[in-house]
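The values are calculated or read from the model by the stated rules, or taken from the named source; none is laboratory data. Since the structure is predicted, the reported quantities are computational estimates derived from the model, not experimental observations. Cβ: placed from backbone, ideal geometry, glycine included. Neighbour counts: every protein chain shown. Just so you know, the surface numbers come from the protein's heavy atoms only, side chains and all, with ligands and any DNA or RNA stripped out. Shrake-Rupley method; radii C 1.70, N 1.55, O 1.52, S 1.80 Å.
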Amino acid sequence: MCGIIGYVGASTSGRGLDVALEALRRLQYRGYDSAGIVAANQDGLSHVKRAGKLEVLEAQLEAEPLPAASAVIGHTRWATHGGPTDVNAHPHLSEDGSVAVVHNGILENHAQLRRELTEAGVKFVSETDTEVAAHLLAHAYAAQGDLTDAMTSVVQRLEGAFTLLAVAADNPHVVVGARRTSPLVVGLGEGENFLGSDVAAFVAQTTSALELGQDQVATITPDSVTITDFDGNLAEAKPFTVDWDASAAVKGGFATFMDKEIHDEPNAVRDTLLGRTTGPGGALQLDELRIDESVLRSVDKIVVIACGTAAYAGHVAKYAIEHWCRVPVEVELAHEFRYRDPVVTEKTLVVAISQSGETMDTIMAVRHAREQGAKVVAVVNTMGSTIARESDAALYTHAGPEVAVASTKAFLAQIAATYLLGLYLAQLRGTMFADEVRTVLAELETMPAKIQSVIDGEGDIKALADSMRDVTSVLYLGRHVGFPVAMEGALKLKELAYIHAEGFAAGELKHGPIALIEDGQAVFVVVPSPRGRDVLHDKVLSNIQEIRARGARTLVVAEEGDTAVTEYADKVLWVPRTPTLLAPLVAVVPLQIFACALATAKGLDVDQPRNLAKSVTVE
Ligand code: F6R
């Protein structure tokens, strides 16, 4: 859950520091409670680290610049062991200052290693698990004289999940990285190379990259990259090209990344659909789905595994995939999945949804599913990420980099991608006729423009948010696909505005939650389209009347032209007419805009909400 950058270049200059700072800015979404940098040149190592957001480190570097360097490693932290203090911030140096390390993950045997090192006379200065790696590495380096060999021997002693980067004071032309379970990718430059926790770290410098496998060590110099396994044997790494536009990871005139990413949503959906409807006769073609068609035909159950917002995308997908494919779909929180002894067989298709592709709970669930013989399709946004690599097939969402911690555009892209998967399976299994598939695809293609029209009406939603800045509790109701939308709306408000919010199935109201309704209680209600599923529409309308009669302030998300709702709504947020199954793609947008605007009105940091990190790489 931390961000890591490593740089090595041919000359000793300020470039390494600039690259590292730029990378830390882009990686802040992975952690932002402290940051640090170490610069290596012919005079040895110099470092600075500070608790607080990156600006604190930047101000320090402005006041006291580090010397020009040929190798630099940097870190932005989300604290696990030891609070966010200057001392606990990374890098961690060995006692003699011969090596410096930065680390992402958790060293599970750190207590035992700390005891051993302490007994051997090492003095620890921080409370972190990472510091043991610095001391072990210094001892190994002194004994072996080669940083890669030293790293290889140290990682043998470490348990848990980790990415480690190291530099040595006496060799400023090398950075060594190692990964077990936590992510690490290599960026390939001209006369310079990079290591990053993900491609966002170096996408502004190069789009040429290498995926590292599990338990690999990468040694980068200005003109070479060497990959070995943990036993020191040469190993392969898969090259890939990053298709993110570097400018996508900057705010581009918006006040916050979140605001920008909501405005990116039409493109996120458009790009996710792009090029996937090019089969013969307009048939849906998913080239990446490299799983034998006979296996896909024999699937008798689909299990979606994901966490948080990605899991809500899975809940939405369940309604569509069951309807189109006539296959039961279960949606399971990844962290519950593997501890529950789930019934998974060779006929189960597991769909792992993840924006980052690095969520540890989801990675562990993917591994468990594959051990049981299931095929796993990853619906992932980040190329080269662990979940994409470890799955049988990866269906990428093309949302571009999502920097704000709270997920928005990735959610829409996940719904679009899982819908493509559902339609593809329906086409393959013959549960939908080709023209039916084409009709849904054509409707999906109209969605970016509809999403745009909701965004164009954001002024009204922002004004509502502004008027509600003192609210202390908001409820969200939805039915059918509107139910996961309600839960997602509530999650956005909790995490961005720190307001108590709950999403309920509207039908559940009378079984308990209605007791929460009192005078003035704000309730968002996601109303299904009156066309198509009119029974649902009328039932939700009754729910609105029930809560209004008990004093609720009803904020209704409804389809344009649905005049039946106006009578019962204190405020209507209109969304364009959309077939029921596709409605989440527009209905969630006002809820995202509302949460973002309310948090902004309260003066909160919407991009980096308290206590959260974007990529939860610990279980
Ligand atoms: C909420 C949010 C989280 C993530 C969850 C899964 O706004 O962003 O709930 O959706 O942590 O993350 P990924 O999709 O990276 O696996």
What is the sum of charges, Lys and Arg at +1 and Asp and Glu at -1, for the other residues whose Cβ falls under 12 Å from the Cβ of LEU573? -4
Rounded to a whole number, what is D in µm²/s for the range 256-320 from Stokes-Einstein with the Kirkwood radius over alpha-carbon pairs (37 °C, 0.692 mPa s)? 221 µm²/s
In terms of Cα to Cα distance under 17 Å, which aspartates and glutamates are near enough to LYS450, apart from those fewer than 8 places away along the same chain? GLU261, ASP264, GLU265, ASP271, GLU458, ASP460, GLU559, GLU560, ASP562
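So what is the relative contact order of the range 3-248, in percent, for Cα pairs below 8 Å that sit 6 or more residues apart? Intermediate values should be presented prior to the final figure.
Values: 637 pairs, mean separation 50.2, N = 246.
In percent, rounded to a whole number, it is 20.
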Suppose a student asked you for the relative contact order of the range 451-608, using Cα pairs under 8 Å spaced at least 6 residues apart; what percent would you report? 30 percent
Note: probe point = Cα of ARG577 + 7 Å toward Cβ; backbone nitrogen < 16 Å; residues of the range 453-481 passing the test are none
Packing-based ranking, highest mean first, of 291-302, 77-88, 510-521 given that Cβ atoms within 10 Å are counted: 77-88, 291-302, 510-521
Cut-off 13 Å between beta-carbons: net charge of the residues surrounding VAL343, Lys and Arg +1, Asp and Glu -1: -1
Between the range 120-160 and the range 340-386, the alpha-carbon center distance in angstrom: 33 Å
Which shape class, rounded, prolate or oblate, goes with the chain when its Cα gyration tensor gives a ≥ b ≥ c as root eigenvalues, a/c under 1.5 marks rounded, and past that a/b bigger than b/c marks prolate? prolate
Give the angle, between 0 and 90 degrees and rounded to the nearest 10, that separates the Cα long axis of helix 458-467 from the longest principal axis of the Cα atoms of the chain. 90 degrees
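Hey, any idea what % of the range 451-608's accessible area is carbon plus sulfur with a 1.4 Å probe? Could the numbers behind the result be given before it?
Working: 2860 of 5790 Å².
With neighbouring chains kept in place, the figure for the range 451-608 is 49 percent.
If you average 1/r over every pair of different alpha-carbon atoms in the range 15-78 and take one over that average, what Kirkwood value in Å do you get?
After inverting the pairwise mean of 1/r, the radius is 11.5 Å.
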Mind checking which aspartates and glutamates have their C-alpha under 19 Å from LYS123, skipping anything on the same chain fewer than 8 residues away? ASP86, GLU95, ASP96, GLU131
Please state the shape class of the range 251-445: rounded when a/c is under 1.5, otherwise prolate if a/b exceeds b/c and oblate if not, all from the C-alpha gyration tensor. oblate
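For a 28 Å ceiling on Cα separation, which of these pairs sit above it: LYS539/LYS614; LYS409/LYS462; LYS409/LYS494?
The answer is LYS539/LYS614.
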Shape category assigned to the range 393-442 from the gyration tensor of Cα positions, a/c cut at 1.5: prolate
Do you know the relative contact order of the range 1-114, to the nearest whole percent, from alpha carbon pairs under 8 angstrom that are 6+ apart? 33 percent
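Within 12 Å, Cβ to Cβ, of GLY52, how many net charges do the neighbouring residues add up to if Lys/Arg are +1 and Asp/Glu are -1?
Here the count lands on 0.
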Please compute the per residue accessible area over the chain with all protein chains in place, 1.4 Å probe, rounded to a whole number of Å². 35 Å²
Using a cut-off of 26 Å between alpha-carbon atoms, which lysines can reach LYS375, once sequence neighbours fewer than 8 places away in the same chain are excluded? LYS238, LYS301, LYS318, LYS347
What whole-number distance in Å separates the alpha-carbon centres of the range 408-467 and the range 192-228? 35 Å
